[in-house]
1. Once every DSSP H run of n ≥ 4 in the chain is given -39500 (n - 2.57) and the sum is divided by its residues, what mean residue ellipticity at 222 nm do you get, rounded to the nearest 500 deg cm²/dmol?
2. Cα-based Rg (one decimal) and Dmax (whole number) for the chain, in Å?
Amino acid sequence: MQMIYQFRSKAGPDVIMLADLSKRIFDILDCPLEPRGILTVEHLPVFITRLETAILRDLEERKEAQSSSGQDVKKLSQPDRLGQRAYPFLELMKQAKEKGEPVLWGV
């Protein structure tokens with residue numbers, strides 16, 4: 001059974017994600033995923049940029065895979081689109097940054 005993370009901020013609605021997606025996103029953020037934690041307002045701009053960059057890179061890889069002869073999207077390291085799965089978390093971070101609120105989990 002996979003662990004579920006619930007991310008909260010006073011700035012927006014809670015975001016619930018399974019551990020695999022949470023781990024994938026936190027690897028992109030270059031931030032350890034602990035059972036509980038906080039993303040401070042000061043760090044949110046950097047984290048938002050990192051996640052947006054990874055989403056764009058994922059889209060480019062998918063376009064290249066579709067246009068390359070003989071290569072299939074199924075051969076990509078991740079079968080699902082990062083942007084589609086990470087969008088709610090990205091939006092929560094943006095709302096938190098805009099309202100000056102941290103993002104918490106495990107509390």
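No value in this document is a laboratory result; all are computed from the given coordinates. As the structure is a computational prediction, the values presented were derived from the model and not from experiment.
1. -16500 deg cm²/dmol
2. Both quantities, over Cα of the chain: 14.9, 49 Å.
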